[in-house]
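Note sheet for the following structure.
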Amino acid sequence: AVVSTQSTGDTISDKTGITLKSCLRQYDNIKRIYKEVDEKEGKVAHNIQRYYGLSPTLCQQYAAIIYILDNRIDVAPRKVPGLTYPALVKCVSVLMSEWCPSYEGSSDMDTDRAFLKELHSLKDKVSESMLIGMVNHGCESLKNNPEYPKNFVFELRKLSAKLMSIGYSLVHTKDYTDIFIDLDEMILRPWASAGLPFSLLEVGLSKLLGCYVTAVANSGLYTTVSTFERYLRPVSSCLLVLANS
């Protein structure tokens with residue numbers, strides 16, 4: 001958590017059992033590191049290690065915090081209940097690895113806007129009926145399989161539509177800010193409310209890419225597969241981490 005005032009520091013100290021002095025020192029550390037690596041090229045974690053000589057694990061934790069601050073990602077516990085610090089670092093690290101530009105002169109504090117625009121453009125190319133059709137076709141063999149609940153394919157269809165809705169909107173700053181809130185409220189909670197275990201969420205997510213490839217193979221949209229995969233891979237990882245946190 002970020003300690004902006006002593007009052008906030010007192011609150012965090014009370015909740016965590018960590019002394020106020022330590023909370024304020026951590027806040028000062030984050031401010032100092034942020035100021036040092038802001039606008040520098042390359043991987044944030046590598047820059048932190050170069051300037052401060054910290055362990056790779058601690059550098060990655062600081063890098064994740066800086067990415068959250070720089071992109072104003074909302075991780076408030078009351079909005080994403082159950083989100084643990086280790087889970088948060090894992091999820092943010094995946095987003096930094098997959099969605100940040102890698103060209104010379106870039107930094108993984110910045111999200112690849114070109115990719116987000118490509119993802120948004122899929123909204124006009126891949127209709128909801130196509131999404132439903134791709135799940136139906138790809139999961140046909142599961143409909144009468146007694147190992148899977150009867151509502152599994154139905155819920156997977158809904159999930160695919162909501163997942164793409166989240167992806168289409170990430171080009172907007174406010175929606176990117178709310179990414180973890182949306183994954184929790186639009187994907188994880190409805191899945192659990194439908195009585196489905198998160199182990200089946202992993203099965204469903206693993207099938208979506210194959211379903212998508214099959215759906216667009218003969219529609220002239222095969223070039224969109226790389227964009228869809230670049231979106232789905234880290235989001236799937238984040239969902240599974242959040243589900244188990």
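The values are calculated or read from the model by the stated rules, or taken from the named source; none is laboratory data. Quick caveat, the model's predicted, so the values are computed rather than measured. Here Cβ is always computed from backbone atoms with ideal geometry, including for glycine, and neighbour counts include all displayed protein chains. Surface accessibility is based on the protein's heavy atoms, side chains included, excluding ligands, DNA and RNA. Shrake-Rupley method; radii C 1.70, N 1.55, O 1.52, S 1.80 Å.
Counting only protein heavy atoms and a probe of 1.4 Å, the accessible surface of the chain is 51% carbon and sulfur. Protein heavy-atom accessible surface, 1.4 Å probe, per residue over region 96-245: 47 Å².
Based on protein heavy atoms only, region 1-91 ends up with 62 Å² per residue of surface accessible to a 1.4 Å probe. Packing-based ranking of 62-74, 113-125 yields 62-74, 113-125, ordered from highest to lowest mean Cβ neighbour count within 10 Å.
What FRET efficiency, computed as 1/(1 + (r/R0)^6) with R0 = 22 Å and r the Cβ-Cβ distance, is obtained for T173 and Y103, rounded to the nearest 0.05?
Details: r = 22 Å, r/R0 = 0.99.
Step by step, r from the Cβ atoms, then E = 0.50.
Size descriptor for region 119-241, Kirkwood hydrodynamic radius: 14.7 Å (Cα pairs only, one decimal).
When the helices of the chain are scored as -39500 (n - 2.57) per DSSP H run of n ≥ 4 and the total is divided over every residue, the value at 222 nm lands at -20000 deg cm²/dmol. Every Cα-Cα pair in region 63-133 was counted, and those over 17 Å apart are 56% of them.
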